[in-house]
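Remarks on the structure that follows.
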Amino acid sequence: MGEMFCMQCEQTAGGKACTSVGVCGKSANTARLQDELTGALITAANRGVKLGDGLLLESLFATLTNVNFNDATLEKLIGTVGQPFYELYKVRDASEDVRSLKTLLLLGVRGVAAYAYHCFVLGHDVCEACAFIQKALAAIGQDGYGQNELLGLVLECGEVNLHVLELLDKANSAAFGSPVPTTVSRSVKPGPIIVVSGHDLQDLKLLLEQTENINISVYTHGEMLPAHAYPELRKYPQLAGNFGTAWQNQQREFAGVPAAFLFTTNCLMPPKPSYADRVFTTAAVGYPGLQHIGADKNFTPLINKALALGGYQQEQAGTVATTALATVSAAAALTTGFGHAAVLSQADAVIGAVKRGGIKHFFLVGGCDGAKVGRNYFRDFVEQTPSDTVILTLGCGKYRFNDLDLGEIDGIPRLLDMGQCNDAYSAVQVALALAEAFGCGVNDLPLSLVLSWFEQKAVSILLSLLFLGIKDIRLGPSLPAFVSPNVLNLLVENYGIKPTTSVEADLADILGE
Ligand code: FSO
Ligand code: SF4
């Protein structure tokens, strides 16, 4: 056993575990503190200590991949949660299948916590989700749970996550309006620039309020792209466009850019010294040496940094270089905002196109991006889909292909960006509505899910899809290291989960060619 043991994300070392330093840049000490914090939460759950919802959710959020690398913050959270009498290695020492199911449950719960956190900051009641989280943590810390009970909890985690995603959908629409299809510029105007990354729309809103009538342009990055579709965000004229591509390209895309950067949630990579002085964090995000905006959400240091940097002298046409990692071209603009309300407002056109044979199949190609070369599968897949198919997407995985012009069918764009991974409820709503319109079950629809996973939020979404009984999901670019052969067999037998193979073979299999 090395100095650390972390296998929670898709890029884990050698497809097994990070044992000396994280591929993500997490140190062994940070990993140890995250384990301790998790142990403290498990201890509290088993002792019946009801933690405040905010503390519970923020603590779990801080243990997600690419969120908090700051040992001081983790130590503070451990001090607040209480003594970690439970040690996480005990999960690792359990039998292979119990270890696998407990890990699946823990990572699913971390994903639930992240989504619930967004509901919480928007003022919504998340006590049911928090009660489940504590129940699950308590079970993880006990020896008596068998495989069937753990499997039940894993599916319950999916159910709870689905409720949280539904609540988040309502919370976002209530706070920011219902998303409308929107074209987003990728060019950068002259003058001071702030780039906002992560998923927290409320943080973006507060920053937009604080930059009103100041000569600053605010750009979205990564998973913040769908923010442009919300009426209560797009009404701010300084919300100027989208910068860069997927999270894993940030170290190369941020270098040399005269902007101040704000990370509101995952995915933060260790900043290079060349631009670290311009990166700010807030909420559960942290990195040693970066300036952190506290709970008062006073963004003045960020704003002052952007003003001091001054931005570009002249407009930069398209911020996106083709990179070795992303193979993304410098598309002039992106479209987003095809949430369930927007898509279902066109339900008659969609159903009509299916009935007359104009649309033969739907694909949901969604999830996360990441650095692996194998992730080009998702771009190749979308590129090779036949012209009588529609692709729904969500999450940061879209950056593999959202520069493609796939055209339209009967005025319906073939590529519909439904939003962040946080908006997975939209995809579920559209699938359920199509099933109702065609009088069949979701599994009988001409709809196939091709999902790319990276971190723990994707795990919780996968559990929600399993809870809904959705079958034949293709998962890539590799299967989770924490799933044991027996648990994988169970997922294959009961749900038909399949690893992605080659684009040609998968498309032929799906389309029955
Ligand atoms: Fe991506 Fe990162 Fe949204 Fe994840 S930005 S990878 S599943 O944290 O959250 O899709
Ligand atoms: Fe490794 Fe992923 Fe854990 Fe980072 S989060 S240490 S990359 S498994």
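Computed from the coordinates by the stated procedures, all read-outs in this text should not be read as laboratory data. Model, not experiment: these values are computed from the prediction. Backbone-built Cβ (ideal geometry, glycine too); neighbour counts: all protein chains shown.
Scanning residues 5 or more positions from Ser448 or on other chains, those with amide H under 5 Å from its amide H are Phe362, Phe363, Leu364, with H placed 1.01 Å from N in the peptide plane.
Projecting the Cα atoms of Gly419, Ala45, Ala295 onto the charge dipole of the chain (Cβ charges, centred on the Cα centre) puts Ala295 farthest toward the positive pole.
Based on the reciprocal of the average 1/r between different C-alpha atoms, the Kirkwood radius for segment 186-266 equals 12.5 Å. Once backbone amide H atoms are built at 1.01 Å from N, Ile193 has Ser217, Ala260, Gly310, Gly311 as its partners under 5 Å, excluding neighbours fewer than 5 places away on the same chain. Only helical runs count toward this figure. For the chain, summing -39,500 (n - 2.57) over DSSP H runs of n ≥ 4 and dividing by all residues gives -13000 deg cm²/dmol at 222 nm. Taking the Cβ of Ser173 as the center, what net charge do the other residues with Cβ under 13 Å away carry, scoring Lys and Arg +1 and Asp and Glu -1? Summing Lys/Arg as +1 and Asp/Glu as -1 gives -3. Among Ser484, Thr389, Thr183, whose Cα lies farthest out toward the positive end of the dipole of the chain, if unit charges sit on the beta carbon of Lys, Arg (+1) and Asp, Glu (-1)? Working it through, the farthest residue towards the positive pole turns out to be Thr183.
Dipole size of segment 212-294 about its Cα centre, with +1 on Lys/Arg Cβ and -1 on Asp/Glu Cβ: approximately 120 debye, rounded to the nearest 20. The alpha-carbon atoms of segment 31-88 define a convex hull whose volume equals 67 cubic angstrom per residue. Treating each Cα of segment 391-513 as an identical point scatterer and summing with the Debye formula, the log10 of I(q)/I(0) at q = 0.21 Å⁻¹ comes to -1.58.
Could you tell me the ratio Rg/Rh of segment 1-150? Both radii from Cα atoms, Rh via Kirkwood. Provide the component values of the computation, followed by the final result.
Working: Rg = 14.6 Å, Rh = 15.5 Å.
Looking at segment 1-150, the ratio lands at 0.94.
Partners of Lys372 within straight-line reach, counting lysines whose Cα lies under 16 Å from its Cα and excluding those fewer than 8 residues away in the same chain: Lys16, Lys398.
Rounded to the nearest whole angstrom, the semi-axes of the ellipsoid equivalent to the chain, taken from the Cα gyration tensor as √(5λ), stand at 32, 30, 21, largest first. Checking every one of the GluC sites (Glu not before Pro) in segment 169-264 against DSSP loop status and a limit of 14 other Cβ atoms within 10 Å picks out Glu212.
Per-residue counts of other Cβ atoms within 10 Å, averaged by peptide: what ranking do you get for 194-207, 151-164, 377-390, highest first? If you can, show how the numbers build up before the last one.
Details: 194-207: 24.8, 151-164: 21.5, 377-390: 18.5.
The peptides rank, most packed first, as 194-207, 151-164, 377-390.
Listed by chain and number, the aspartates and glutamates whose alpha-carbon sits under 15 Å from that of Lys498, ignoring those within fewer than 8 places in the same chain, are Asp472, Asp506, Asp509.
Mind checking the dipole of segment 135-258: about its Cα centre, +1 per Lys or Arg Cβ, -1 per Asp or Glu Cβ, Debye to the nearest 20?
Numbers: 8 positive and 13 negative charges, 136 e Å.
In debye, rounded to 20, segment 135-258 gives about 660.
Descending by average beta-carbon neighbour count within 10 Å, the peptides 62-68, 355-361 line up as 62-68, 355-361, the highest first. Each Lys and Arg Cβ is given +1 and each Asp and Glu Cβ -1; about its Cα centre, segment 360-427 then shows a dipole of about 320 debye. When only Cα pairs below 8 angstrom with a gap of at least 6 residues are kept, the chain shows a relative contact order of 17 percent.
What net charge do the residues around Tyr495 carry, taking every other residue with its C-beta under 11 Å from that of Tyr495, with Lys and Arg at +1 and Asp and Glu at -1? Spell out each step's value before the answer.
Values: positive: Lys471, Lys498; negative: Asp472, Glu493.
Counting the neighbours of Tyr495, the net charge comes to 0.
Multiply the residue separation of Glu128 and Ala13 by 0.36 nm, subtract the distance between their alpha-carbon atoms, and state the gained length in nm to one decimal.
37.8 nm
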